[in-house]
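The values are calculated or read from the model by the stated rules, or taken from the named source; none is laboratory data. Here the structure is a predicted model, which is why all the values come from computation and not from measurement. Positions of Cβ are generated from backbone atoms using ideal geometry, with glycine treated the same way; all protein chains shown enter the neighbour counts.
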Amino acid sequence: MAEYRIAVLPGDGIGQEVTREALRVLKAVGNKFGRKFVFQEALVGGTAYDETGVPLPPETLKLCENSDAILLGAVGGDKWDNLPSSLRPEAALLTLRKHFDLFANLRPIILFPPLIDASPLKREILEGTDIIIVRELTGGLYFGKPKERRKNNGDVVAVDTMIYSESEIKRIANVAFQIARNRRKLLHSVDKANILETSRLWREVVNDVAQDYPDVELHHLYVDNAAMQLLRNPRQFDVILTENTFGDILSDEAAMLTGSIGMLPSASIRGDGFGMYEPVHGSAPDIAGKGIANPIATILSSAMMLRFSFQLEEEARAIEKAVLEVLELGYRTPDIMSDGKKQVSTTEMGSLIEEALYKSIS
Ligand code: NAD
């Protein structure tokens, strides 16, 4: 690729603040490695609604279609909470995932050794944790129809539908097995097959797909047990495969293993290089505008973009190494602060990582 076209959608709240820092780091990587990244920014979420009346304006979608990857900050906020669901900021995210068929959401849960004491869990439980959650992203409860409210004999009833097809399960299972094959060859598939019909199909299909990966050890786990095991003994996991809703909840739980949701990146991909990269966290209205948000999740998401969309492995590693170096030097945003460390703002953290990147490559 002569140039890499990146659609930048900062969105709402801290999305704006953390995206700015990720761009700074990407520009530094581009300069140092001689890569041409072309950034084009567009509106998304509540900010887009305020300016255009919709959370995902057609110009934004067009820009994404003409780009090689999307870097997104976060969307949402109290201000837009009472809008009808199709106009809420979150609708933009769901539409982007569905429109581009980004069915595989990869969420690495990596514990940076200098942060081990920032986690509420004990060091001996956490040490060595390195998990990747593979979450199905375009099916299940979040998209199933009917999704509506009705009146039933004068009573208001709300309905969401959990639905999965064999082909949807098969393609996400293949992504998870391939990732497991390149790691510790250990896969835990999480479902609720004792209760849910979708989960029974999920388990059958995952077992079928497993036939093609005899080198990968497969375990099945109920989601309630998985939630418990993640805190009891996170080291037992390598790759966790699960459906949309369970993955949403488990990955936030797993965030606490790393100390802060502000550390967790994610990639939403479809297998052909195109992808959307965003931090796992939301727009954090409680700290927006204060300059204290942790930009590392977004910076690490941009490293995932270099790796998965552009195959720039060396550049991706340079970013990850720079993050580790800055943490080793003791710099912390408030969410990961502990005694004796140096507290810094969002922009200070971004510029420290930029600096470390220049130093370590030159
Ligand atoms: P959140 O992730 O925004 O915040 C949860 C908590 O984590 C808050 O206390 C927040 O201050 C803290 N936090 C989050 N990111 C942080 C960071 N980078 N640095 C330091 N602290 C951080 O989740 P929420 O409060 O449940 O949701 C807020 C809004 O974000 C809602 O409107 C929600 O719908 C939206 N949301 C959007 C996305 C997304 O854009 N992908 C994801 C989740 C939630």
Quiz item: Which ones in the range 284-294 are more than 16 Å from Ala22 (Cβ to Cβ) and more than 8 Å from the ligand (Cβ to nearest atom)?
Solution: Ala288, Gly289, Lys290
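For Lys36, state whether it is in contact (Cβ under 8 Å) with a residue 60 or more places away in the chain, under 23 Å from Lys321 (Cα atoms), touching a Phe, Trp or Tyr at 6+ places or on another chain (Cβ under 8 Å) and among the basic types (Lys, Arg).
Working: in contact (Cβ under 8 Å) with a residue 60 or more places away in the chain: no; under 23 Å from Lys321 (Cα atoms): yes; touching a Phe, Trp or Tyr at 6+ places or on another chain (Cβ under 8 Å): yes; among the basic types (Lys, Arg): yes.
Considered against the rule, which asks whether it is in contact (Cβ under 8 Å) with a residue 60 or more places away in the chain, under 23 Å from Lys321 (Cα atoms), touching a Phe, Trp or Tyr at 6+ places or on another chain (Cβ under 8 Å) and among the basic types (Lys, Arg), Lys36 comes out as no.
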Self-check item: Test for Leu300: is it more than 23 Å from Pro89 (Cα to Cα), within 16 Å of the ligand (Cβ to nearest atom), under 19 Å from the mean Cα position of the chain (by Cα) and crowded, with 19+ Cβ neighbours inside 10 Å
Solution: yes
Quiz item: Only one residue in Ser165, Ser85 is in the same structural domain as Ser283 (by TED's automatic domain parsing) and either within 30 Å of Lys341 (Cα to Cα) or touching a helix residue (DSSP H, G or I) at 6+ places or on another chain (Cβ under 9 Å) (or both). Which one?
Solution: Ser85
Quiz prompt | Those helices (runs of 4 or more DSSP H) lying entirely in the range 167-283 with at least 1 residues within 28 Å of Val18 (Cβ to Cβ) and among the aromatic types (Phe, Trp, Tyr) | solution = 244-255
Exercise. Filter the range 255-283 down to residues that are crowded, with 20+ Cβ neighbours inside 10 Å and hydrophobic (A, V, I, L, M, F, W, C) and give me whichever is farthest from the chain's Cα centre (by Cα).
Key: Leu257
Quiz item: Taking interchain pairs and intrachain pairs at least six residues apart, which have beta carbon atoms under 7 angstrom, with the first residue in the range 278-297 and assigned by TED's automatic domain parsing to the domain that holds Ala316 and the second of a type in the set (Lys, Arg) and more than 7 Å from the ligand (Cβ to nearest atom)?
Solution: Val280/Arg107
Exercise. Could you run through the range 75-119 and say how many residues are under 30 Å from Leu329 (Cα atoms), more than 12 Å from the ligand (Cβ to nearest atom) and not acidic (Asp, Glu)?
Key: 11
Practice problem: For Ile240, state whether it is within 16 Å of the ligand (Cβ to nearest atom) and under 17 Å from Ile110 (Cα atoms). | Solution: no
Practice problem: Quick one: in the range 40-74, of everything that is in a helix (DSSP H, G or I) and within 16 Å of the ligand (Cβ to nearest atom), which residue is surrounded by the most Cβ atoms within 10 Å (Cβ to Cβ)? | Solution: Gly46
Exercise. Return yes when Leu141 is modelled with pLDDT of 95 or more, buried (at least 20 other Cβ atoms within 10 Å of the Cβ) and either at positive phi or not small (Gly, Ala, Ser) (or both) and no when it is not.
Key: no
